[in-house]
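Structure record follows, encoded as structure tokens.
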Amino acid sequence: MISPWDRYTTSCCLCCHVRTGTIILGIWYMLINAVVLLILLSALNDPVQYHYHLTSSDLGTDLDVMDDANMCIAAAISLLMILICGMATYGAYKQHAAWIIPFFCYQIFDFALNTLVAISVVVYPNTIQDYLQQLPGTFPYKEDLMSTNNMCLVLAVLLFVGCILAFKAYLIACVWNCYRYVSGRSTTEVLVYVTTNDTTVLLPPYEEAIAIPPKDPPPQYVSA
């Protein structure tokens with residue numbers, strides 16, 4: 001009997017294989033992070049044009065939103081994400097299970113962060129109003145959002161975060177099933193190879209095993 005831990009599905013959304021879904025997901029994440037990295041590098045090259053130096057006078061706060069050090073850190077994170085997603089895509093395509101693990105760990109970490117956001121909204125519902133007050137005055141519909149009931153804002157944020165968590169959980173299950181499929185396929189191939197070689201070494205060929213060896217002729221009778 002197969003245990004629940006050993007059960008996994010090989011199909012995902014749109015009825016495609018989990019390997020195909022993981023490859024598409026890895027390429028999609030690589031494209032997003034590549035666009036982000038391109039924007040960050042362009043902003044570092046020409047900060048005046050992109051206006052990423054938002055000071056306290058622009059936002060009405062005591063902290064600067066972004067400086068060169070933070071931009072470099074964000075660019076390094078985007079580059080690391082491109083590497084991790086590329087490893088997952090290569091691992092799913094070439095069926096190397098170990099290459100998928102970093103991307104799976106990133107998904108777990110991202111899911112945990114979003115869960116903490118949902119918990120913080122439930123525990124501290126006033127943080128939404130504080131966050132809206134920190135937004136710049138040019139932010140669209142800022143006044144309308146601040147005039148909305150706090151409970152409605154909390155429910156809307158929880159519903160939005162809940163949908164995101166459900167979608168991320170599905171993607172995590174997809175990548176996990178791909179890892180189980182690739183690792184199980186590799187294990188099966190190794191077992192078949194070992195069994196085949198052991199059989200070849202230990203057992204004689206079929207024709208030789210069923211062949212009956214000829215009997216020795218009886219000794220000739222010698223008269224005295």
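The values are calculated or read from the model by the stated rules, or taken from the named source; none is laboratory data. Here the structure is a predicted model, which means the values were calculated and not measured. Cβ atoms come from the backbone with ideal geometry, glycine included; neighbour counts cover every protein chain shown. Remember, those area values only see protein heavy atoms, side chains included, never the ligands or the DNA or RNA. Shrake-Rupley method; radii C 1.70, N 1.55, O 1.52, S 1.80 Å.
Points to keep in mind about this one:
- Top-ranked residue in the stretch 57-105 [being open to solvent by 60 Å² or more (accessible area, probe 1.4 Å) and among the hydroxyl-bearing types (Ser, Thr, Tyr); ranked as modelled with the highest pLDDT]: Tyr90
- Test: Leu165 is within 33 Å of the chain's Cα centre (by Cα), free of Cβ contacts under 8 Å to residues at least 60 places away in the same chain and surrounded by 14 or more Cβ atoms within 10 Å (Cβ to Cβ): yes
- Considering each residue of the stretch 146-153 in turn, none proves to be assigned to a helix (DSSP H, G or I), at pLDDT 80 or above, open to solvent by less than 60 Å² (accessible area, probe 1.4 Å) and of a type outside the set (A, V, I, L, M, F, W, C).
- Failed item, numbered, when Tyr50 is tested on (1) open to solvent by 90 Å² or more (accessible area, probe 1.4 Å); (2) touching a helix residue (DSSP H, G or I) at 6+ places or on another chain (Cβ under 9 Å); (3) modelled with pLDDT of 85 or more: (3)
- Candidate set from the stretch 106-126 (those that are among the polar types (S, T, N, Q) and modelled with pLDDT of 90 or more); member that is nearest to Leu25 (Cα to Cα): Gln107
- Against the conditions (1) at pLDDT 85 or above; (2) farther than 30 Å from Ile23 by Cα; (3) touching a Leu at 6+ places or on another chain (Cβ under 8 Å); (4) not hydroxyl-bearing (Ser, Thr, Tyr), Gln129 satisfies every one except (1).
- Contact map, the stretch 64-92: first residue part of a loop (DSSP other than H, G, I, E, B), second residue at pLDDT below 90 and buried (at least 17 other Cβ atoms within 10 Å of the Cβ), Cβ cut-off under 9 Å, separation 6 or more or different chains; pairs are Val65/Tyr52; Met66/Ala43; Met66/Tyr52; Met66/Ala74; Asp67/Tyr52.
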